[in-house]
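Note sheet for the following structure.
The values are calculated or read from the model by the stated rules, or taken from the named source; none is laboratory data. None of the values given here were measured: they were computed from a predicted structure. Here the Cβ positions follow ideal geometry from the backbone for every residue, glycine too, while neighbour counts run over all protein chains shown. All accessible areas refer to the heavy atoms of the entire protein, side chains included, with ligands and DNA or RNA removed. Shrake-Rupley method; radii C 1.70, N 1.55, O 1.52, S 1.80 Å.
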Amino acid sequence: MVLLHVLFEHAVGYALLSLKEVEEISLLQPQVEECVLNLGKFHNVVRLVAFCPFSSSQVALENANAVSEGVVHEDLRLLLETYLPSKKKKVLLGVGDPKIGAAIQEELGYNCQTGGVIAEVLRGVRLHFHNLVKGLTDLSACKAQLGLGHSYSRAKVKFNVNRVDNMIIQSISLLDQLDKDINTFSMRVREWYGYHFPELVKIINDNATYCRLAQFIGNRRELNEEKLEKLEELTMDGAKAKAILDASRSSMGMDISAIDLINIESFSSRVVSLSEYRQSLHTYLRSKMSQVAPSLSALIGEAVGARLIAHAGSLTNLAKYPASTVQILGAEKALFRALKTRGNTPKYGLIFHSTFIGRAAAKNKGRISRYLANKCSIASRIDCFSEVPTSVFGEKLREQVEERLSFYETGEIPRKNLDVMKEAMVQAEEAAAEIAKKLEKQEKKRLKKEKKRLAALAQASSENSSTPEECEETHEKPKKKKKLKPQETPQENGMEDPPASLPKSKKKKAFPKEELASDPEEVATSSLSPPKRKKSSPKEEMASEPEEAASPIVPKKKRKFSEEPEAAASSTKTTKKKKKSQKASQED
């Protein structure tokens, strides 16, 4: 008997369920369909075989994209190969989407089924899924579905910023609206200013130029020869400027007050600003069409190509249309009216605004429109699906249309499409290589700027981190000075520096005993010095040794200063003793 399994895709993972051996006819009974709503009865029919949760939201999004596109993901392949029986002929797998079912049957060899019983079972699984899987709550399942739905929609809506056809649709719609508004406003200026200067309407036909002149002239009685140069700049024609000057002198218009002239001038300035904005919008549209649809704009022009994209809804929709639809795009009313009245169908729609149909003869307009629609569909597909946008194909297709026009007129045989496309492919590869080099240079520049920015940030962070270390050093320096102060104080008080005793011992060793005995002064000094040595305890000598090791340079300088006062003190003592001895000898 064939075992029926059901594959259920959820936001948290894949679930594989098995149906108990129940006949398909009994499953279709109304009582069984009602049992789907009862969890206890539904457990008697369906059993969870395996559940494969997604490790992250990114993995869930990848699996959702794969299922929607009808591709078997590696996670799904591993689940089915692990938990489905090895005998594939005895297994029937139920899936909700026929595309993924066809992909599983083609790649893994399992028989797949959709609809009927499977739809009812999946409805029950969707209802009781949080009860079938352990550890899954209804709230967590809803959160997972909401998060996956947002990420899936965001991925579908995501687009390339440089190839946005929505901006083209909005700009061409605004351009058409501006044309209507400028025409309406300029007619209002013509009627309003025509009361004062009616002859100007016949001389100047352009609306924007008329508004500029109305703003410049103002009161026609003030127009003189001095303003002739400015009139020539505005009209771009010396004859028209002279005619305006002559007409102002013999005009039949009524006089007008200053307040009315102010209002006319302010309104005409608004119309002039609108016309200038319309020109800037047209340049913007041309630049966007060269980025998004370069081939289509090279073939039929930016305005007509933008209208085709706007009417189709997007460049992708236009690329999906056949050439027959592109031919009559924009003439739907005439088409359905012709079908209803069984009359002649229209030969062209929006492509009528291209120059090719206007240049063709009346008998060839239908033929050239059909040929042009064919080339437009090719160009739109190239623009939509090519990775590197280039206008090479559009230029070659335009050449083909020109050759077909000359063939209709003169009978000259055009080139074959195969030869033209080969030439276009060679040129397109060269153009793509150049564009790739430019992109590489831009990427290198961007990386250099990024490295510089990161280096600057690292340097700033290192400077900020070095400041507390400097503060610590400044706190440590006073401590060292405090240690040196007690060493300096005994020298100031006249006390003997412990290292100063060393040179005395060296001097004593250097002189022999006879010289010491002969010189009474040295004897006296030697008799006075031993008690000083007794005062210096061994502890002080031990303490002096590390002080000498810590600061070897400072004591040397201090020794010179310390020895001089000692020598002076010893000399004064010897002189006092000599005087006392002399007094004693005199008394005797």
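For Gly13, the residues whose amide H sits under 5 Å from its own are Phe54, ignoring neighbours fewer than 5 places away on the same chain, with H placed 1.01 Å from N. The tail of the calculated P(r) for region 256-367, taken as Cα-Cα distances beyond 16 Å, holds 70 percent of the pairs. Annotation for region 124-223: chymotrypsin sites (Phe, Trp or Tyr not before Pro) lying in DSSP loop with at most 14 further Cβ atoms inside 10 Å of their Cβ are Phe159, Tyr195. When the Cα positions of Asn207, Gly194, Ser173 are compared along the charge dipole of region 173-212, Gly194 comes out farthest toward the positive end, with charges on each C-beta of Lys, Arg, Asp and Glu. Using the Cβ atoms and a cut-off under 12 Å, what net charge is assigned to the surroundings of Leu261, where Lys and Arg are +1 and Asp and Glu are -1? Summing Lys/Arg as +1 and Asp/Glu as -1 gives -2. Rolling a 1.4 Å probe over the protein heavy atoms gives region 231-364 an accessible area of 54 Å² per residue.
Given +1 at the Cβ of Lys and Arg, -1 at the Cβ of Asp and Glu and no other charges, the dipole of region 244-323 around its Cα centre is 600 debye to the nearest 20.
Principal axis extents of the Cα atoms in region 167-318, from largest to smallest and rounded to whole angstrom, are 60, 29, 19.
For region 379-428, the list of GluC sites (Glu not before Pro) that fall in a loop by DSSP and count at most 12 other C-beta atoms within 10 angstrom reads Glu387, Glu412. Among the trypsin sites (Lys or Arg not before Pro) in region 78-160, those placed in a DSSP loop whose Cβ has at most 11 other Cβ atoms within 10 Å are Lys87, Lys134, Lys158.
Whole-Hz Karplus values for region 444-449 come out as 5, 4, 5, 5, 4, 4 Hz, taken residue by residue from phi with 6.51 cos²θ - 1.76 cosθ + 1.60 and θ = phi - 60°; glycine and proline positions read x. Please name whichever of Tyr284, Val304, Val271 sits farthest to the positive end of the charge dipole of region 167-319, dipole taken about the Cα centre and charges placed at Cβ: Lys and Arg +1, Asp and Glu -1. Checked the options; the winner is Val304.
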